[in-house]
1. Find the eigenvalues of the gyration tensor of the Cα atoms of the chain, then list the square roots of 5 times those eigenvalues as equivalent ellipsoid semi-axes, largest first, in whole angstrom.
2. Taking +1 at the Cβ of each Lys and Arg and -1 at the Cβ of each Asp and Glu, which of Pro108, Gly93, Val63 sits farthest along the dipole of segment 26-108 towards its positive end, judged by Cα position relative to the Cα centre?
3. What nm value, rounded to one decimal, do you get for the distance between Ser184 and Glu66 when each label is placed 7 Å out toward the C-beta?
4. Output ³J(HN,Hα) for segment 138-148: one whole-Hz value per residue in order, computed from phi by the Karplus curve 6.51 cos²θ - 1.76 cosθ + 1.60 with θ = phi - 60°, and x for Gly and Pro.
5. Going by Cα centres, segment 95-155 and segment 1-68 are how many Å apart?
6. Among Lys20, Lys85, Lys119, which one moves the most in a GNM of the chain with springs linking Cα atoms closer than 10 Å?
7. Considering lysine pairs in segment 3-236 that are 8 or more places apart or on different chains, how many have Cα atoms under 24 Å apart?
8. Can you tell me the FRET efficiency between Ala159 and Asp11 if r is taken as the Cβ-Cβ distance and R0 is 22 Å, rounded to the nearest 0.05?
Amino acid sequence: MAKRLAAVQDDFESVIALLKARGIISGTPPSALIATAQSVHALTYSLILWRFRLTGLPEHGKVFIEEVASDALQVLPQLLMGYSKTVKLLVRGIVENALRHLYFSDHPIEFIRMNRERKWYLTIDHLCDYAKQHPYFLVTEPQFDAVNQITSAYSELSAGVHGRTVRDLEMRAALSKMGYDQASADKELTILRKCAVAVNFALCVFHHRRVRAFQLDDRRVILHTLPARAREVWTGFNP
């Protein structure tokens, strides 16, 4: 196993120790919880890694990669506490900010407008349409449909975010019913994996030259999250 993947495992073990110390999980958590947490950690770690390896980005690209990392960092503890709506919001934020990164990296003037004009706003549909028409993804999408997966995942996450009902007026009663549920956690892991695969692939394609210059261990952390077909398409991508 690659050295960097061993480093990911080391980080996971230190995270679990911290979560135990804070009482977020028990001192002897079930093996199923640990397996789910390990998968979530590996995916979110790969997303956070972009923040530290895509160095020297201009502000109109960097800020969204930082937001991806910020959202990814909070997914695991929220999932383990049973806050499924928060998890969906965070994962949806990862998707939104990845799309904004793709768009605003190519549109510095629009980035200025977004920060200057209070009513200037780009919809998620506009961001998705831009990604679909980008020359790089016109090549890769027929082979591995990452942008389509991002779009469908966003719709699924939005439906989950808005389809919630509070059944108790007393906050204590409502909160007491929230807790870790393995079946729910596995569902959150499924949509997280879909998003992480699509986002990591899209960033690998968009920054293909930079990624090829990453240290081998760092590339492995990211590529390890992708299915074989996605890795094959990225390896052969040469615009």
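Just so you know, all these numbers are worked out from the coordinates, no wet-lab data involved. Here the structure is a predicted model, which means the values were calculated and not measured. Here the Cβ positions follow ideal geometry from the backbone for every residue, glycine too, while neighbour counts run over all protein chains shown.
1. Values: eigenvalues 183, 108, 52 Å².
Working from the Cα gyration tensor, I get semi-axes of 30, 23, 16 Å.
2. Of Pro108, Gly93, Val63, it is Gly93.
3. Label at Ser184, label at Glu66, 3.3 nm between them.
4. Karplus values, whole Hz, x for Gly and Pro: 5, 7, 7, 4, x, 9, 8, 7, 4, 5, 4.
5. So the separation of the two Cα centres works out to 25 Å.
6. Checking each option, the largest mean-square fluctuation is seen for Lys119.
7. So the count works out to 17.
8. That pair, Ala159 with Asp11, gives E of 0.10.
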